[in-house]
Amino acid sequence: MQVRDVMTREVVTVGPDTSAKYAGELLAEHGFAALPVLDEDAQLIGIVAEADVLRDRLPRDPRLHLRRDGEQEHALPLLVRGVMTEDVRCVESGADVSDVAKLFVDERLRSVPVVDGQRLVGIVSRRDLLRALVRTDSEIRAELTDLVERYTGELGAWDVTVTEGVATVRRTRGESHDPPGTEERALTALARTVGGVVAVQVLSSAVGGPR
């Protein structure tokens, strides 16, 4: 499954001269993890996240903290350009969602912009990946059955079961005319393109066992 299959295409963006406070309002109102920052030529130049807006913007309650001698107030940047992160991690729309999931976990990211070349085409978040993961077994089974039957051209020759995202594809009649193992490998790869499939087993009468 590719990023383009799960990403959010309608992306809310801000410019570098947008108010940082307004960016925070957008993040809070829509529940976004981050907002891409585009320049006047619609080029991606940064990203502003919740942490960027929160940083140093909530003053300490004087009732709870004793002010240290010499502690100075400092001016806060008012515009997005002053708080955004310029080194933006992006992914291509054709990237494998498993690689993006690893990126999120390893680098503790919540979302990343999606690009085709230099053009922003979407944004993908942890929530988008979770939506794909939590599809019902019946939805996964229906899509996988359709794909298997269209790929093989054999209607009614397959029994597809899905339990907790684990798919089993079993040939119930006929046999493959391809070299041994070819059909199993092809159907395994096909099943892995279906959102919500976490593991797959293909059983074919041609070889008499799982792959």
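The values are calculated or read from the model by the stated rules, or taken from the named source; none is laboratory data. Remember, predicted model here, so these are calculated numbers, not experimental data. We place every Cβ from the backbone using ideal geometry, glycine too, and count neighbours over all the protein chains shown.
Values as computed for the structure displayed
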| quantity | calculated |
| --- | --- |
| Residue list for region 9-44, restricted to those being crowded, with 16+ Cβ neighbours inside 10 Å, outside any helix (DSSP H, G or I) and within 23 Å of the chain's Cα centre (by Cα) | Val11, Thr13, Val14, Phe32, Ala33, Ala34, Leu35, Pro36, Val37, Leu38, Leu44 |
| Test result for Val115, part of a strand (DSSP E or B) and not assigned by TED's automatic domain parsing to the domain that holds Glu175 | yes |
| Neighbours by Cβ (under 9 Å, 6+ apart or cross-chain): first from region 124-142, modelled with pLDDT of 90 or more; second among the acidic types (Asp, Glu) | Asp137/Glu164 |
| Residue that is touching a strand residue (DSSP E or B) at 6+ places or on another chain (Cβ under 7 Å) and under 30 Å from Glu40 (Cβ atoms), where the choices are Leu144, Leu120 | Leu120 |
| Top-ranked residue of region 45-56 - restricted to ones that are within 21 Å of the chain's Cα centre (by Cα) and not hydrophobic (A, V, I, L, M, F, W, C), ranked as modelled with the lowest pLDDT | Glu50 |
| Enumeration of residues in region 191-205 that are surrounded by fewer than 19 Cβ atoms within 10 Å (Cβ to Cβ) and either closer than 25 Å to Asp128 by Cβ or outside the structural domain of Leu144 (by TED's automatic domain parsing) (or both) | Arg192, Thr193, Gly195, Val198, Ala199 |
| Flag for Asp128 being closer than 21 Å to Leu35 by Cβ, under 22 Å from the mean Cα position of the chain (by Cα) and charged (D, E, K, R) | yes |
| Selected residue (criterion: farthest from Thr8 (Cα to Cα)) from residues of region 154-164 that are in a strand (DSSP E or B) and of a type in the set (A, V, I, L, M) | Val160 |
| Single residue of region 118-153 satisfying the filter (part of a helix (DSSP H, G or I) and in contact with a helix residue (DSSP H, G or I) (Cβ under 8 Å, 6 or more places away or on another chain)) that is farthest from Arg173 (Cα to Cα) | Arg126 |
| Hey, Thr145 free of Cβ contacts under 8 Å to residues at least 24 places away in the same chain, closer than 24 Å to Val6 by Cα and surrounded by 13 or more Cβ atoms within 10 Å (Cβ to Cβ) or not | yes |
